[in-house]
Amino acid sequence: MPPHDRVRALLHRHDALFHGEAPADYDRAAAEERFGRLLGAARERFGPAVRYAYGQDVSYYGAVVVRAEDAGTEGPLEVLMSNYGPFVAAWTLAGPAPARREAPGAEVLDWLDGVCAGLDCVHVPVELLQEEYDGVVDLYGDKAFAAFVETLDEDSPFFAPSGEDGEEDEDDVPLRWMDRYFDHV
């Protein structure tokens, strides 16, 4: 696996202003071929019970899912292939839904690094995907909202007290790289 700084730089380089399912120059045929090879490698390594699903209205092409007992992991193993750049990510699902995504063990990671080398793609580690997204796309409209607020004068009814204590919700989670490349549309 390449060093995190190099992978992070690749994430930034492939980050496109468009925030839909795939970038404008997306090669669906190449993605289909690459995903087929990824699925084949998973079935060769983990057996014929490996399942897969294609992404719809998300920024990844598809997911390969391996049962925990076949992968030798605590929870099911998921391997996703992004539509934005040559990126693959893998994690095990731990705990009840919504499950936590945790890095699989060294044996699975070594296998995945070898598969990625053969597919000419990059394995993005879970810990890097959990970092706060600082790319070019305003996925949740925060930058647009901030620009809107700047246009208001301080007497605007928009600034009137709402009756709430103004504390930030503890469940608010910042946008992460995982959201950009393997989740959100």
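Values for this structure:
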{"read-out": "Filter result for A49 (small (G, A, S) and more than 17 Å from the chain's Cα centre (by Cα))", "value": "yes"}
{"read-out": "Hits in region 42-62 (condition: part of a loop (DSSP other than H, G, I, E, B) and closer than 18 Å to F182 by Cα)", "value": "G55, Q56, D57, V58, S59"}
{"read-out": "Condition check for E74: closer than 30 Å to L17 by Cβ and open to solvent by 20 Å² or more (accessible area, probe 1.4 Å)", "value": "no"}
{"read-out": "Single condition D113 does not satisfy, out of (1) acidic (D, E); (2) open to solvent by less than 50 Å² (accessible area, probe 1.4 Å); (3) without any contact (Cβ under 8 Å) to a residue 24 or more places away in the chain", "value": "(3)"}
{"read-out": "Among (1) modelled with pLDDT of 85 or more; (2) outside any loop (DSSP other than H, G, I, E, B); (3) surrounded by 12 or more Cβ atoms within 10 Å (Cβ to Cβ), the one test that D134 misses", "value": "(2)"}
{"read-out": "Among residues of region 10-33, those that are under 25 Å from V108 (Cα atoms), open to solvent by 60 Å² or more (accessible area, probe 1.4 Å) and under 19 Å from the mean Cα position of the chain (by Cα), counted", "value": "1"}
{"read-out": "Selection within region 1-36 - in contact with a helix residue (DSSP H, G or I) (Cβ under 6 Å, 6 or more places away or on another chain) and either in a loop (DSSP other than H, G, I, E, B) or at pLDDT below 85 (or both)", "value": "M1"}
{"read-out": "Within region 41-95, tally of residues that are at positive phi and touching a residue at least 60 places away in the same chain (Cβ under 8 Å)", "value": "2"}
{"read-out": "Condition check for G118: in contact (Cβ under 8 Å) with a residue 60 or more places away in the chain, in a loop (DSSP other than H, G, I, E, B) and open to solvent by 10 Å² or more (accessible area, probe 1.4 Å)", "value": "no"}
{"read-out": "Members of region 42-70 that are farther than 18 Å from V124 by Cα, of a type in the set (A, V, I, L, M) and open to solvent by 10 Å² or more (accessible area, probe 1.4 Å)", "value": "A49, A53, A68"}
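The values are calculated or read from the model by the stated rules, or taken from the named source; none is laboratory data. Remember, predicted model here, so these are calculated numbers, not experimental data. Positions of Cβ are backbone-derived with ideal geometry, glycine not excepted, and every protein chain shown enters the neighbour counts. These area figures cover heavy atoms from the full protein model, side chains too; ligands, DNA and RNA do not enter into them. Shrake-Rupley method; radii C 1.70, N 1.55, O 1.52, S 1.80 Å.
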